[in-house]
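The values are calculated or read from the model by the stated rules, or taken from the named source; none is laboratory data. This structure is a prediction, so every number in the text was calculated from the model and none was measured. Cβ: placed from backbone, ideal geometry, glycine included. Neighbour counts: every protein chain shown. When the accessible area is computed, the model is the full protein with side chains, heavy atoms only, and any ligands, DNA or RNA have been set aside. Shrake-Rupley method; radii C 1.70, N 1.55, O 1.52, S 1.80 Å.
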Amino acid sequence: MKKKQSIKSILFSMRTAIILLLLLTAACVLGSILPQGELEAYYTGYYPEKLASLILLLDLDDVFHCWWFIVLTIALCLNLLGCNLLRFPVLFRQMKQDYTAEKRLEDWDGEAAAVLNGEPEEFFRTMHFSGTETGVTSEGKRFRYGVRNKIGIWGAWLTHLGMLIIIIGFALGQIFQQKYTVYGVVGETLPVEGTDFTVTINDFQTLLREDETVEQYVSNLTLTDTKSGETAAGDTSVNHPFSAMGMKLYQNSTGWAATVVVSRDGELLQSEILCAGEHLTIADQPDLVLAFNAFYPDYVLSDGQPSTASSNLDHPGYLYTLYYQGSVLGMNVLTDHNIITVEDLTIAFMDPQQYTLIQLKSDPYTWIALVGGVLILAALFLSFYTRTEELWAVEQEDGTWAAAGRSRKGGILFLERIEEAAVLVNEKNNPAGKEIE
């Protein structure tokens, strides 16, 4: 009759852990495929009605922060913790009690993997066993016993512990991580909203390959703590962040900006740097708003649509929309020295340049996930390269020694090594080739 499993054994089983891992993996895949954090209108407009409803119902628009993802993560943590707590006393007892000469010789059926001609010390050294135990069996026979790499039995246990630590570190990072975004052009000092930091953009370069394609974007930045006065400068590029004062500064993206000049009757009224995608409220005219929609470095019309022939600033084009009291007053592309005229106002675009977008992140718990990763690497080494092996030899009535052993992994290969070592030792002890009975 099949024994009924307890609730504890089900909750803290490897099968449950694998199921939870598969569910979390599927959730992560969905979170990578589906755009995250968009407005509800985005999903209803982009996806079929039923699929959009399912995405919103299951909170797939914010997978990594939805309630069921958190529940699955907590369940996996509890499973790993439970597995480790249940396995620890078993492994500890195994370390203390299972690897002893008394237990091994008691369980041994007497079958030898090899026969030694003479004392077994040289044989144990050949097999790289040190610190061996000697004694006499209950039958009055001399024996020698050795065990090595007992720590290898902790490989799987440490793997579970490492996974648990990584999950905890990641979860704490998601809860307490702080993210900020700044963008601007060279020479600007940008406040990091909600902090005491400012970021000064000292330089920005687009590195090109020989075929004129972009190889890398590099920003030289100065991070300043306005409260303490501390500063730090360095370069950040794609996938190579600059770290300072507990912050990591990432080169996130780039785009185009231009200086917008507003004049009234020939006198300068307003001059501001505007990035593509931003808008500007005209001074003294709050009902008049200029939106800088897009920039084309080498402007051409292609099938009636504005585009750029190259990335070179050969024929700059500025796509704008002008609003008055929320209604579109005009929309066009300005090129060369063309200007916008509204009654006594003139608006011009000039000095196009690339801006850089920098993302700042602060995660005080990254080190926890790092510790978990190091622990998993150590655990994998223990699991696959540190094999727990036992070796023993018992003296026989004819003066020879019967040698045997066991290994937690690769048992057949270990027995072959015993046979090979025995042949080497016997040849050394019996160079004349005398037959061993």
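Tell me, what is the percent relative contact order of the stretch 361-437, built from C-alpha pairs under 8 Å that lie six or more residues apart? Don't skip to the end; give the middle numbers.
Numbers: 40 pairs, mean separation 12.8, N = 77.
The normalised contact order for the stretch 361-437 reaches 17 percent.
Which whole number in µm²/s is D for the stretch 328-437 by Stokes-Einstein, with the Kirkwood Rh taken over Cα pairs at 4 °C and 1.567 mPa s? Before the final figure, lay out the partial values.
On the way: Rh = 23.1 Å.
In µm²/s, the coefficient rounds to 56.
Describe numerically, in nm with one decimal, the distance between label points set 7 Å from Cα along Cα→Cβ at Asp398 and at Tyr42.
In this crude spin-label approximation the distance works out to 8.2 nm.
Can you give the net charge of the other residues whose Cβ lies under 15 Å from the Cβ of Val192, counting K and R as +1 and D and E as -1? All intermediate terms of the calculation are to be shown ahead of the outcome.
On the way: positive: Lys179, Lys227, Lys248, Lys361; negative: Glu188, Glu193, Asp196, Asp225, Glu230.
Residues close to Val192 contribute a combined charge of -1.
I want the local charge near Leu413. Using Cβ-Cβ distances under 14 Å, sum +1 for each Lys or Arg and -1 for each Asp or Glu among the other residues.
Values: positive: Arg387, Arg406, Arg408, Lys409, Arg417; negative: Glu389, Glu416, Glu419, Glu420.
Here the charged neighbours net out to +1.
Using Stokes-Einstein with the Kirkwood hydrodynamic radius over Cα pairs, what translational diffusion coefficient do you get for the stretch 131-233 at 25 °C and a viscosity of 0.890 mPa s, in µm²/s rounded to a whole number? Please report the intermediate quantities before stating the final value.
Values: Rh = 20.5 Å.
The Stokes-Einstein estimate is 120 µm²/s.
I'd like to check one number: the per residue accessible area of the stretch 84-170, probe 1.4 Å, reported in Å² as a whole number. Let's see the in-between values first.
Numbers: 4890 Å² over 87 residues.
In whole numbers, the stretch 84-170 has 56 Å² accessible per residue.
Over the Cα atoms of the stretch 1-102, what is the Rg over Rh ratio if Rh follows Kirkwood?
Details: Rg = 20.9 Å, Rh = 16.8 Å.
Radius of gyration relative to Kirkwood radius: 1.24.
Can you list which of the GluC sites (Glu not before Pro) found in the stretch 112-174 are DSSP loop residues with at most 15 other C-beta atoms within 10 Å? Spell out each step's value before the answer.
Numbers: sites: Glu121, Glu122, Glu133, Glu139; in loops: Glu139.
Sites meeting the loop and neighbour criteria: Glu139.
Once every Cα of the chain carries one equal point scatterer and solvent is ignored, give the base-10 log of I(q)/I(0) from the Debye formula at q = 0.06, 0.13 Å⁻¹, two decimals.
So the normalised log intensities are -0.54, -1.23.
In the chain, which whole DSSP H runs stretch at least 15 Å along their own axis (Cα) and average 1.0 or higher on the Kyte-Doolittle scale? Intermediate results must be reported in sequence, preceding the final value.
Values: long enough: 14-33 (28 Å, 2.16); 67-93 (40 Å, 1.57); 155-176 (31 Å, 1.77); 366-385 (28 Å, 2.15); 411-429 (27 Å, 0.28).
Helix filter hits for the chain: 14-33, 67-93, 155-176, 366-385.
Please tell me the relative contact order of the stretch 271-374 in percent, rounded to the nearest whole number, where contacts are Cα pairs under 8 Å and at least six residues apart. Intermediate results must be reported in sequence, preceding the final value.
Values: 146 pairs, mean separation 17.6, N = 104.
Relative contact order for the stretch 271-374 comes out at 17 percent.
Given bins 10 angstrom wide, list per bin the percent of all Cα-Cα distances in the stretch 235-385, short to long.
Result, from short to long distances: 10, 28, 23, 16, 10, 8, 4, 1, 0 percent.
On full extension of the chain, what length is gained from Thr366 through Asp107, given 0.36 nm per residue of separation minus the C-alpha to C-alpha distance?
Working: separation 259, 0.36 × 259 = 93.24 nm, distance 4.83 nm.
Extending this stretch completely gives an extra 88.4 nm.
My understanding is that a pair violates if its Cα-Cα distance is over 24 Å; which of Lys103/Lys409; Lys8/Lys96; Lys227/Lys248 do that in this structure? Mind showing how you got there, number by number?
Working: Lys103/Lys409 19 Å; Lys8/Lys96 26 Å; Lys227/Lys248 19 Å.
As for pairs spanning more than 24 Å Cα to Cα, those are Lys8/Lys96.
Compute the relative contact order of the chain as a whole-number percentage, counting only Cα pairs closer than 8 Å that sit 6 or more residues apart in sequence. Kindly include the intermediate steps, with their values, before the conclusion.
On the way: 743 pairs, mean separation 85.7, N = 437.
So the answer I get is 20 percent.
Over the chain, with every protein chain in place, what whole percent of the accessible area is carbon and sulfur at 1.4 Å, could you tell me? Before the final figure, lay out the partial values.
Values: 14500 of 25870 Å².
Answer for the chain: carbon and sulfur cover 56 percent of the accessible area.
Which stretch or stretches of the stretch 292-308 have amide N atoms under 11 Å from the point lying 7 Å from Asp314's Cα along the Cα→Cβ direction?
Under 11 Å, as judged by backbone N against the label point of Asp314, lie 298-300 of the stretch 292-308.
Per residue, how much accessible surface does the stretch 315-398 expose to a 1.4 Å probe? Answer in Å², no decimals. Walk me through the intermediate numbers first.
Details: 4540 Å² over 84 residues.
Dividing the accessible area of the stretch 315-398 by its residue count gives 54 Å².
Nearest 500 deg cm²/dmol is fine: what mean residue ellipticity at 222 nm does the chain get from its DSSP H runs of n ≥ 4 alone, each adding -39,500 (n - 2.57), divided by its residue count?
Details: 10 runs with 142 residues, N = 437.
When only DSSP H runs of four or more count, the value is -10500 deg cm²/dmol.
Evaluated at 4 °C with a viscosity of 1.567 mPa s, what Stokes-Einstein diffusion coefficient in µm²/s does the stretch 68-113 have when Rh comes from the Kirkwood expression over alpha-carbon pairs? Could you put the intermediate results ahead of the total?
On the way: Rh = 13.6 Å.
This corresponds to a translational diffusion coefficient of 95 µm²/s.
Based only on Cα atoms, what mean projected area does the convex hull of the stretch 258-336 have, in nm²? Numbers along the way, then the final one.
Working: hull surface 23.3 nm².
Seen from a random direction, the Cα hull of the stretch 258-336 projects 5.8 nm² on average.
Over the stretch 22-82, with a single point scatterer placed on each C-alpha, what log10 of the ratio I(q)/I(0) does the Debye formula yield at q = 0.15, 0.20, 0.24 1/Å?
Calculated log10 I(q)/I(0) at the listed q: -0.48, -0.74, -0.96.
How big is the convex hull of the Cα atoms of the stretch 32-159, per residue, in Å³?
Working: hull volume 25.8 nm³, N = 128.
Per-residue hull volume (Cα only) is 201 Å³.
Describe numerically, in nm with one decimal, the distance between label points set 7 Å from Cα along Cα→Cβ at Phe176 and at Asn239.
Each label point lies 7 Å from its Cα, and together they span 3.0 nm.
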